[in-house]
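Before any comments, here is the structure.
The values are calculated or read from the model by the stated rules, or taken from the named source; none is laboratory data. Predicted, not measured: the structure shown is a model, and the values here were computed from it. Glycine gets a Cβ as well: all are built from the backbone with ideal geometry, and neighbour counts include every protein chain shown. Note: areas computed on protein heavy atoms with side chains; ligands, DNA, RNA excluded. Shrake-Rupley method; radii C 1.70, N 1.55, O 1.52, S 1.80 Å.
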Amino acid sequence: PTLQALTVTFNSHPNDRMILEGYHQNSLARILSRHGYHTVFLRSASKYYAGENIIFQKYGFRDIIAREYFAQYPQNAEYIYDWGVNDRIMLQKLIELMEEYRERKLFVVVLGVDTHPPHGRSEYGFRKVEYPEVPQSYRKFGRAYDFMRSVKNHDHDLAMTFAEIKRRGLYNENTLIIATADHS
């Protein structure tokens with residue numbers, strides 16, 4: 001599960017139960033905080049999911065920006081559904097954070113939901129977020145079509161995000177971007 005996997009990742013220790021019970025003093029975010037980094041956990045879903053608002057603060061994340069943050073702005077209403085805000089909107093917040101902390105140390109973990117199994121985001125069609133047409137060949141994936149469409153759309157969002165980060169001069173020798181998957 002996501003919380004347990006993130007717990008193991010942030011704390012570099014395989015025993016998630018032990019860490020969740022309080023042995024998290026050497027978490028990555030806590031260490032980076034001690035070295036002057038502003039630490040942010042940025043996610044599409046609710047920060048209250050599985051008590052993450054409390055747990056991730058204990059791990060050293062100073063700010064947790066999640067669905068509740070985006071929901072306070074009326075212009076985001078059409079981009080929020082039960083799982084959370086559309087990842088493209090969340091990734092725009094990442095760019096804003098990188099701009100705001102341009103001259104300071106920043107560590108951001110980004111966790112989206114658009115590609116969450118089993119189907120990914122399903123309501124692309126009626127939102128204002130536009131994506132390139134999905135190739136007809138994706139139909140061969142059968143029941144996995146919706147998930148594959150979500151992955152393709154997410155790849156498009158990531159490409160746009162990276163291009164904007166570079167365009168603004170936010171990608172340099174002090175920038176490290178690691179992309180990995182949750183579940184799939």
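What to note about this one:
- For Leu106, residues with placed amide H under 5 Å, excluding near neighbours: His38
- Set Lys47/Lys93; Lys47/Lys140; Lys93/Lys166; Lys47/Lys166; Lys47/Lys105 screened for pairs whose C-alpha atoms are more than 27 Å apart: Lys47/Lys140; Lys47/Lys166
- Paramagnetic label reach from Ile31 (point 7 Å along Cα→Cβ; backbone nitrogen cut-off under 17 Å): within the stretch 81-112, residues 106-109.
- When each full DSSP H helix of the chain is screened for a Cα extent of at least 15 Å along its own axis and an average Kyte-Doolittle hydropathy of at least -0.5, the helices passing are 87-100.
- The charge dipole of the chain, taken about the Cα centre with unit charges on the Cβ atoms of Lys, Arg (+1) and Asp, Glu (-1), comes to about 220 debye, rounded to the nearest 20.
- The mean sequence distance of close C-alpha pairs (under 8 Å, at least 6 residues apart), as a share of the length of the chain, puts its relative contact order at 19 percent.
- The length gained by stretching the chain between Glu130 and Glu173 to full extension, at 0.36 nm per residue less their Cα-Cα distance, is 12.2 nm.
- Between the beta carbons of Leu20 and Asp82, assuming R0 = 22 Å, the FRET efficiency works out to 0.30 to the nearest 0.05.
- Rounded to the nearest 10 square angstrom, Arg34 shows an accessible area of 150 square angstrom against a 1.4 Å probe.
- Vicinal HN-Hα couplings computed from phi for the stretch 109-114 (Karplus, 6.51 cos²θ - 1.76 cosθ + 1.60; Hz; Gly/Pro x): 9, 10, 10, x, 10, 4
- Solvent-accessible area of Thr175, all protein chains in place: 30 Å² (probe radius 1.4 Å, heavy atoms, ligands and nucleic acids excluded).
- Rounded percent of accessible protein surface that carbon and sulfur make up, the chain, 1.4 Å probe: 51 percent
- Sorted peptide list for 12-18, 72-78, criterion being average Cβ within 10 angstrom, highest first: 12-18, 72-78
- Across the stretch 43-59, coupling constants 3J(HN,Hα) worked out from phi with the 6.51/-1.76/1.60 Karplus curve, θ = phi - 60°, read 9, 7, 7, 5, 6, 8, 4, 6, x, 4, 4, 8, 4, 5, 5, 5, 6 Hz, and Gly and Pro carry x.
- Centroid-to-centroid, using Cα positions, the stretch 128-146 and the stretch 59-81 are 27 Å apart.
- One quarter of the convex hull surface built on the alpha carbon atoms of the chain amounts to 11.5 nm², the projected area averaged over directions.
- Approximating the spin labels as points 7 Å out from Cα along Cα→Cβ, the Asn53-to-Glu99 distance works out to 2.8 nm.
- Spacing of the modelled spin labels on Arg143 and Val8, each 7 Å from Cα toward Cβ, amounts to 2.6 nm.
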